Amino acid sequence: MTTHTAPIEKELVSVIIPTYNRSGLIVDCIASVLEQTYQNIEVLVVDNLSNDSTISEIKKIPDPRLRIIVEPRRGASIARNTGIMNSTGTILAFLDSDDLWLPQKLSHQLKILSKQDRPSLIFSEYREFNSDRDNILEPRLSSMSLSIITMLTFKKFFLEVGLFNDSLKSGEFLEWYSRAIKLGFNSVTLPEIAALRRLHPGNSSSKRDAMDYLAACRSAIAGKKSS
């Protein structure tokens, strides 16, 4: 595997946000990225042919760092892969269109990433909250609570693992993570809350989604045990 030596403060971070019918949430989501204290970013929103006003809401945001890609609705895995392959940054980060980042998420994680001497995945803790944002729940601390919305890694390392498995409707991140661990990637969790994950009826899982998620969990656990 390759290593990386360029100054971290000059790296362009590509933030991938898949979305579908999130007109009431997408603006806050994007704003939480554009308002990061680390400003050298591009934001790629991959829309799955929303039939509400999601696209028009995004187009109201006057920031040249924001790009919109529209493609047929084929799921979050393919949307994320599309964003990755269209990104121009050297570092990748991901956010779901109903979730939020706290302002120093990128800057704090980049400092940790710069200190790693082998391919690494940088995570942070996160909190869950209800849609009204008045009910903030306890932080997720468990190692099995690793979330794609907090991950940061170099694009070239990500591609050494490969793209997300687009046959999974859920759990594609954990399946990808298990492959990374099997390849010897380092996994580091920043001990601070850097993201907020929204709980609402629209992100509940179907029975098929739950089965995919459980299969991915088993694969991730097996990967950690064998590493």
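The values are calculated or read from the model by the stated rules, or taken from the named source; none is laboratory data. What you see is a predicted model, and the numbers here were worked out from it, not measured in a lab. Positions of Cβ are generated from backbone atoms using ideal geometry, with glycine treated the same way; all protein chains shown enter the neighbour counts.
Things worth noting here:
- Residue list for the range 112-128, restricted to those being among the aliphatic types (A, V, I, L, M) and either farther than 13 Å from MET151 by Cα or in a strand (DSSP E or B) (or both): LEU121, ILE122
- Scanning the range 22-56 for residues that are in a loop (DSSP other than H, G, I, E, B) and touching a residue at least 60 places away in the same chain (Cβ under 8 Å) yields ARG22, LEU25, GLU35, GLN36, THR37, TYR38.
- Of the residues making up the range 69-89, just one is farther than 13 Å from ILE16 by Cα and within 15 Å of the chain's Cα centre (by Cα), namely GLY75.
- Pairs are defined by a Cβ separation below 8 Å, a sequence spacing of at least 6 or placement on different chains, a first member in the range 70-93 that is without any contact (Cβ under 8 Å) to a residue 60 or more places away in the chain, and a second member that is assigned to a helix (DSSP H, G or I) and among the hydroxyl-bearing types (Ser, Thr, Tyr); the pairs so defined are GLU71/THR82.
- Selection count, the range 91-106, where residues are assigned to a loop (DSSP other than H, G, I, E, B) and either in contact with a Cys (Cβ under 6 Å, 6 or more places away or on another chain) or buried (at least 23 other Cβ atoms within 10 Å of the Cβ) (or both): 3
- For the range 156-185, taking the residues that are among the basic types (Lys, Arg) and not in a loop (DSSP other than H, G, I, E, B), the one that is nearest to MET85 (Cα to Cα) is identified as LYS156.
- Sole residue being under 18 Å from ILE84 (Cα atoms) and in contact with a helix residue (DSSP H, G or I) (Cβ under 6 Å, 6 or more places away or on another chain), chosen from VAL33, VAL46, VAL27: VAL46
- Residue check, GLN109 within 17 Å of the chain's Cα centre (by Cα) and assigned to a loop (DSSP other than H, G, I, E, B): no
- Out of ARG22, ARG74, one residue alone is buried (at least 23 other Cβ atoms within 10 Å of the Cβ) and either at pLDDT below 95 or within 25 Å of TRP176 (Cβ to Cβ) (or both). It is ARG22.
- Verdict on THR88 being of a type in the set (Val, Ile, Thr) and either more than 26 Å from GLU160 (Cα to Cα) or exposed (fewer than 13 other Cβ atoms within 10 Å of the Cβ) (or both): yes
- Single match in ASP99, ASP47, ASP63, ASP28 (criterion: of a type outside the set (Val, Ile, Thr) and touching a Lys or Arg at 6+ places or on another chain (Cβ under 6 Å)): ASP99
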